[in-house]
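Read-outs: derived from the displayed coordinates by stated rules, not from any lab. As the structure is a prediction and not an experimental result, all values here were calculated from the model. Here the Cβ is made from the backbone with ideal geometry for all residues, glycine too, and neighbour counts use every protein chain on show.
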């Protein structure tokens, strides 16, 4: 069973590494785990949310998303469709209705977690990557900006 688990993990890792990588546009920011705070190109909050030229700042959204459960639920695209490894390490689609959703905290301090976390931020998309430190954690959370507001749209958990 361990051989199958390791083989599956190696195959998934090779697939991920062999995927074509695109060069990120200049406005993209990649943050490593060592950074204490999330940085974006524009730290200023929108003055008027109804003004489409004033887009919501990811940094501000991320803080609220992780520290206000009501706000978090309001910013999840329900029904949430996620992919999670089952007991046989097969990636399976799950649908989480609003009633079954539990809040997640993606803003833990590095010393409080057993994984490294990296933010990849583009103009209207963001990915939080969590990679375990000798524990098999491998999760990507995907966010998109819709109508000027950030939302969690899905996650993929291929942890072993």
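Using the basic label-point model (7 angstrom from Cα toward the beta carbon), what is the residue 144 to residue 93 distance in nanometres?
A separation of 1.5 nm, rounded to one decimal place.
With the cut-off at 1.5 for a/c, could you classify region 78-160 from its C-alpha gyration tensor as rounded, prolate or oblate?
oblate
Taking 0.36 nm per residue of separation and subtracting the Cα-Cα distance, what length does fully extending residue 127 through residue 157 add?
In short, 9.5 nm is gained.
Please work out how much length the chain gains when fully extended from residue 113 to residue 135, using 0.36 nm per residue of separation minus the C-alpha to C-alpha distance, in nm with one decimal.
Full extension of this stretch gives 6.8 nm more.
For region 57-130, what is the relative contact order in percent, using Cα pairs closer than 8 Å and at least 6 residues apart in sequence?
20
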